[in-house]
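Data first, discussion second: the structure below is written as structure tokens.
Just so it is clear, none of the values below were taken in a lab; they were calculated from the coordinates. Please read these numbers as outputs of a predicted model, since none were measured by experiment. Here Cβ is always computed from backbone atoms with ideal geometry, including for glycine, and neighbour counts include all displayed protein chains.
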Amino acid sequence: LLVFYALHWAIQAVSVLVRRTRTLPVVTRNIDASALRLTPAPPVLLRRSGHRLAVFGLPATGGLAATAAA
């Protein structure tokens, strides 16, 4: 169980790290930012925490609950 919690926190930390490295200090719209050499945008799964929870968290929680009940 502790391993799964550690994995969960590691995924959350990576998600926050990716989000922070992709955020500019000012809003830039219609400005050519190619000279900044930004990395490509992360997958949609990292941007939407609710969807990430549904995809990874709920099946893992269900599996852990089933294992604990057995």
So how do 8-18, 25-35, 58-68 stack up, highest first, on mean other-Cβ count within 10 Å?
8-18, 58-68, 25-35
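Within 15 Å, Cβ to Cβ, of Thr28, how many net charges do the neighbouring residues add up to if Lys/Arg are +1 and Asp/Glu are -1?
Here the count lands on +2.
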Can you tell me the FRET efficiency between Leu36 and His8 if r is taken as the Cβ-Cβ distance and R0 is 25 Å, rounded to the nearest 0.05?
0.20
³J(HN,Hα) across the range 11-25 via Karplus (A = 6.51, B = -1.76, C = 1.60, θ = phi - 60°), whole Hz, x for Gly/Pro?
5, 4, 5, 5, 4, 5, 4, 5, 5, 5, 6, 8, 9, 8, x
